[in-house]
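The values are calculated or read from the model by the stated rules, or taken from the named source; none is laboratory data. A quick note: this is a predicted structure, and the numbers were derived from the prediction, not measured. Neighbour counts are summed over all protein chains in view; Cβ atoms, including those assigned to glycine, are modelled from backbone coordinates with ideal geometry.
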Amino acid sequence: MIKINLVGEARKPIVAKPTRARGPFLEELFAGENAALYWLLAPAVVALILGGAFWWRQNGLVQTNRGIIAEKQRRVDELAEIIARVEAYTRQEEELERKIAVITQLKDNQSGPVEMMDVVSRALPELLWVDRLDQSGERIQIDGRSFNMGAVSTFVRALDDSSFFAEPELRDTNQRGDVYTYRLTLARERTAQPEEAEAP
């Protein structure tokens with residue numbers, strides 16, 4: 001005989017499966033099913049971040065240095081232009097000094113013989129004359145004639161007293177009849193000035 005229990009058995013209570021407590025995000029991330037993949041990718045990400053930071057810093061330094069170099073180059077160009085101008089002025093100054101020296105030399109060469117002849121002519125006593133006057137550098141030779149030796153001595157003293165000449169020396173004297181010939185050598189003073197400049 002079959003018995004049917006119409007009351008039925010009491011239902012068993014449904015027990016939920018225990019769920020694992022959720023921890024922080026990183027723990028969950030690195031402890032999940034793809035943990036090995038994440039552990040491999042993490043160093044690459046960190047290295048990429050550090051590399052990017054390093055590149056950004058180096059790029060900033062490069063840009064800064066380029067700016068400094070450009071500024072220095074600009075300053076060098078300005079100084080090069082100034083140096084070129086100074087060199088041009090220096091060359092012009094040297095050229096002007098050379099021209100002034102040439103003009104001064106020409107002036108001295110022109111005025112020297114005139115002053116020398118003026119001094120010699122004022123030193124000439126009576127009864128004496130000059131036949132020849134030669135100049136070689138600072139050395140001067142005078143050849144002439146006189147009617148007596150006293151006039152020759154007076155001429156030598158007058159030249160010695162002059163500030164235009166130095167070291168007059170009577171080299172040779174000869175008598176031909178009533179006429180005496182003489183030869184003088186003397187040096188021109190380097191600081192020779194015209195006789196008028198000495199007068200008070």
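Here's the yes/no breakdown for (1) within 21 Å of residue 181 (Cα to Cα); (2) in a strand (DSSP E or B); (3) among the charged types (D, E, K, R):
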site	(1), (2), (3)
98	no, no, yes
120	yes, no, no
159	yes, no, no
167	yes, yes, yes
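Annotation: residue 149 fulfils all but one of (1) closer than 30 Å to residue 177 by Cα; (2) not assigned by TED's automatic domain parsing to the domain that holds residue 164; the unmet one is (2).
Residues are listed down the side, and each one gets a yes or a no for (1) in contact with an Asp or Glu (Cβ under 8 Å, 6 or more places away or on another chain); (2) modelled with pLDDT under 80:
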| residue | (1), (2) |
| --- | --- |
| 125 | no, no |
| 128 | no, no |
| 131 | yes, no |
| 147 | yes, no |
| 158 | no, no |
| 171 | no, no |
| 179 | no, no |
| 196 | no, yes |
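Residues in the stretch 106-158 that are under 13 Å from residue 184 (Cβ atoms) and of a type in the set (Asp, Glu): 131, 134, 143.
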